[in-house]
Amino acid sequence: MDSLQSLPPLSTLSTSVASALNAKLGTNEDLTQAPSFVAEFLTQCDDLERNLLHLNSTLESSLASYAFFSNRIGDLFSLANSKLADLGSSVCSRSSVSDGEGLGEELPSLAKEVARLEAIRAYAEVASKLDNLIGDIEDAISSTMNKNLRKDSSARNPEETRLVAIKTLKQTEDLLTSVTKARPQWARLVSAVDHRVDRALAILRPQAIADHRALLTSFGWPPALSNLTSSNMDTQTSSEVTNPLFTMHGDLKHRYCENFLALCRLQELQRQRKSRQLEGHNREVALHQPLWAVEELVNPVSIACQRHFSKWIDKPEFIFALVYKITRDYVDSMDELLQPLVDESLLTGYSCREEWISSMVTSLSTYLAKEIFPIYIRQLEEESATDLKSQARTSWLNLIDLMVNFDKRIKSLIEQSGILLSLQEDGTPCKISSLSVFCDRPDWLDIWAKIDLDDAIEKLKPEIDDERNWIKKVQGADLSNSDDYKSPAVSSITFKCLSSLIERCLSLPTVSLRSRFLRLTGIPVINFLLDCLLLRCQEAEGLTALTDDDALIKVSNSINAAHYSESILKEWCEDVFFLEMALDQGDHLGGSVAEYSGSEGPIEEYGNGIFHEEIVTIEDFRTQWVEKVTVVILRGFESLCRDYIKNRRQWQETSEEGWTVSKTLVGALDYLQAKMSVIEENLNRLDFPGIWRSLASRVDRLIFNGILISNAKFHDDGVERFGYDMEVLFGVFRAWCLRPQGFFPKVGDGLKLLKMEKEQLQDGLKGGQKWIKENGIRHLSAAEVEKIGKNRVYTK
């Protein structure tokens, strides 16, 4: 028995040898074929030996080439030294010439020659240093490959060799960076070195990633997901979850950390190279990539999750719950175990917590885009063909709600790191949002906007048709002075609906998406309200021409709702959220602003706010109907005082006994006061002053043109009578101002002329413009003063 040769321990065999023996010797019958297997293995060994000899010969030839190149560099140095020596002796010999004739003309050429030789020397020195570094890199990579093939346990650890190669790559990159900045004319040398470095990295990175994946498998990553069920996926505790990153220890943990460091340093090196190569371009787009080591953690987890996802197509809430639970359960290990390694590798700008979360969310978004959304799109198309849209629309809105809620929970996870997402400039909000699926598919965003808009309009219609909502006033503090608007409740209901759309829009990851969604949903809702206001005003105008109080109240309510809406939109446009949209000049998703807003206008208009056009439209509506109300009241007043205006003889007669105001004016003043009382009670406090001031101005012109310059003769009693009438007219407006006569400038100046003494007025007719100014007549022309003065008849 002692003479028998024992087999080596299984632990000393490499993985490839153990796998080959397991494959060849699976059963007892296979043992009979052992001699043939031995012959086969011997043949393979011979082949490997021949390959090794070939590699050695290749290495020898490379070393010989390197030696030859080094000799050439040495010859160049010798030649440069000899030329410098010759140059020095030449300068000395020329300086010994007593007259110095011709030396001044040769100095510039000598300086150029010295500079050229110095450049050659510097180039040769840098080229030699770079060649040495590249040779070291290629030797290290070749050594790593040989060790992986031969599994030589006596040789240096492959991870250590890889770290040496990465360190040398870093030195090479630093030298290339300095050369690029100091000697931009050496671009061909840099390009040649970059080519060789790229070949080295093409071997080094796949090796590092393959070793990393093997290490992950060795300590049981990804963790088993079989214990996660629909009943415990949304629990808040994760004490029962076993985290392989925390359970690994000893040599395995050391090897994993070394490999993780190598990947991080390799990525930092790649980032520096891209930064140098993209100098002068938009580097931020290409420089920030997902953390490679964390990606390798997420990819197998994502594959394992998708086996569960396929069972939950009709129950997407389970998909979101599973992704959130996995993300939350393992996020602490990113901070505690992996972040220190990232910091040690000097890989700047990366948070393992954020990278873990963003990679998990990206994998979910990718699955939604490939598997879930196409199914929902088909359902919508099928139901659209059969005019049955309720079920597909409900499923779509439910999916969006799940995505919005998921993003909120994910945002709370990442904010635990103390990073304010609003300050990020590397696309982080987009990376941690499941709604980022709409970045690549704006047509899906349009579908979502159309469904949300239809749903909002469907909810608004019964509220707008309910007449009680037009009677009841807005309650609450949507605006600081909401009581001044006297707006009907329907406007508040509409803006609550609009606010819900804006709240959903807040979840979108980019300004362009938010702007697009709001133009497709918010602006149509505003236009829907405006159309309803216009329709109500037109109905009131068509039925009674706004002559009765009910019509005036109806129009006043519509004006109030418009002014309230205008004020809210202006206040919103001052918010940062809407300012960002207004400043977003380009439509990055394709399609012009006019295509989605339904109108065309200069781009600078949108700098005033995303709702600029709607605010202008509402202002025009409000101004138009305030003008109509003013005109209607003026026409009624004019029709009632027509006899008063046409009766010119009354200004030559004494006042009627017992009357301080003309009888023919009383009805008109009563009408005016009654209508203004209705308007004052129902119209908002911001538009009402515009109505009574405009009305006062028009009544002023009416009386001035109809009485004062109508060639009516004013006797002393007529002047007194006219003065009493005007005082009563001014009294109608005294409820809204302290000095109403100031709003009747022409009538006031005309009455002042009529009350002047005869001599004073006659002097005025001769004094011209100077006298007019001196006597405080500011609103009448000289012709008008002359006409009024000639119609004044003094009887006393």
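The values are calculated or read from the model by the stated rules, or taken from the named source; none is laboratory data. Everything numeric in this text was worked out from a predicted model, so none of it was measured. Don't worry about glycine lacking a Cβ; one is built from the backbone with ideal geometry, like all the others, and counts go over all protein chains shown.
Looking only at the stretch 684-727, residues that are outside any helix (DSSP H, G or I) and under 16 Å from Arg649 (Cα atoms) come to 7 in all. Of all residues in the stretch 62-77, which are of a type in the set (Ser, Thr, Tyr) and either surrounded by fewer than 10 Cβ atoms within 10 Å (Cβ to Cβ) or farther than 17 Å from Val126 by Cα (or both)? Answer for the stretch 62-77, where residues must be of a type in the set (Ser, Thr, Tyr) and either surrounded by fewer than 10 Cβ atoms within 10 Å (Cβ to Cβ) or farther than 17 Å from Val126 by Cα (or both): Ser62, Ser65. Take the conditions closer than 30 Å to Leu435 by Cα and of a type in the set (A, V, I, L, M) and apply them to Val525. Does it pass? Yes: the conditions hold for Val525. Against the definition (surrounded by 14 or more Cβ atoms within 10 Å (Cβ to Cβ) and either of a type in the set (A, V, I, L, M) or modelled with pLDDT under 90 (or both)), how does Glu383 come out, yes or no? It is true that Glu383 is surrounded by 14 or more Cβ atoms within 10 Å (Cβ to Cβ) and either of a type in the set (A, V, I, L, M) or modelled with pLDDT under 90 (or both).
Within the option set Lys370, Lys459, being more than 27 Å from the chain's Cα centre (by Cα) and at pLDDT 90 or above holds for one residue only, Lys459. If only residues of the stretch 122-138 that are at pLDDT 85 or above and charged (D, E, K, R) are counted, the one that is farthest from Leu204 (Cα to Cα) is Glu125.
When Ile493, Ile559, Ile526, Ile553 are checked against the criterion of being touching a residue at least 60 places away in the same chain (Cβ under 8 Å), of a type outside the set (Ser, Thr, Tyr) and within 30 Å of Leu397 (Cβ to Cβ), Ile526 stands alone in meeting it.
Scanning the stretch 468-495 for residues that are part of a helix (DSSP H, G or I), surrounded by 15 or more Cβ atoms within 10 Å (Cβ to Cβ) and modelled with pLDDT of 90 or more yields a count of 9.
Scanning the stretch 291-338 for residues that are within 16 Å of Arg213 (Cβ to Cβ) and among the acidic types (Asp, Glu) returns Glu295, Glu296. Filtered by the rule that a residue be surrounded by 19 or more Cβ atoms within 10 Å (Cβ to Cβ) and within 60 Å of the chain's Cα centre (by Cα), the stretch 709-731 gives Leu729, Phe730.
Among the numbered conditions (1) surrounded by fewer than 20 Cβ atoms within 10 Å (Cβ to Cβ); (2) outside any loop (DSSP other than H, G, I, E, B), the only one that Thr327 does not meet is (1). For the stretch 285-328, a residue qualifies if it is of a type in the set (Asp, Glu) and at pLDDT 90 or above, and the qualifying residues are Glu295, Glu296, Glu317. Per the conditions (1) modelled with pLDDT of 85 or more; (2) under 25 Å from the mean Cα position of the chain (by Cα), the sole criterion not satisfied by Gly427 is (1).
The criterion of at least 2 residues that are in contact with a helix residue (DSSP H, G or I) (Cβ under 7 Å, 6 or more places away or on another chain), aliphatic (A, V, I, L, M) and under 28 Å from Val661 (Cα atoms) is met, among helices (runs of 4 or more DSSP H) falling completely within the stretch 728-796, by 745-754, 782-790. The residue list Leu337, Leu347, Leu322, Leu397 contains one member that is surrounded by 13 or more Cβ atoms within 10 Å (Cβ to Cβ), on the phi < 0 side of the Ramachandran plot, assigned to a loop (DSSP other than H, G, I, E, B) and out of contact with any strand residue (DSSP E or B) (no Cβ under 7 Å at 6 or more places or on another chain), which is Leu347. The listed residues are Phe611, Phe688, and the only one of them that is closer than 27 Å to Ala489 by Cβ, in the same structural domain as Leu729 (by TED's automatic domain parsing) and surrounded by 16 or more Cβ atoms within 10 Å (Cβ to Cβ) turns out to be Phe688. Under 9 Å by Cβ, and 6 or more places apart or on different chains, what pairs join a residue from the stretch 352-379 that is polar (S, T, N, Q) with one that is outside any helix (DSSP H, G or I)? Close Cβ pairs satisfying both conditions: Ser358/Pro290; Ser358/Ile432; Ser359/Pro290; Ser359/Leu291; Thr362/Pro290; Thr362/Ile432; Ser365/Ser433.
Within the option set Gly590, Gly601, Gly658, being of a type outside the set (Phe, Trp, Tyr), at pLDDT below 85, outside any helix (DSSP H, G or I) and in contact with a Pro (Cβ under 8 Å, 6 or more places away or on another chain) holds for one residue only, Gly590. The combined condition, being outside the structural domain of Leu201 (by TED's automatic domain parsing) and surrounded by fewer than 18 Cβ atoms within 10 Å (Cβ to Cβ), is not fulfilled by Leu297. Would you confirm, using the coordinates I've provided, whether Lys663 is more than 60 Å from the chain's Cα centre (by Cα), within 29 Å of Ser781 (Cβ to Cβ) and of a type in the set (Lys, Arg)? When the stated conditions are applied, Lys663 does not pass them.
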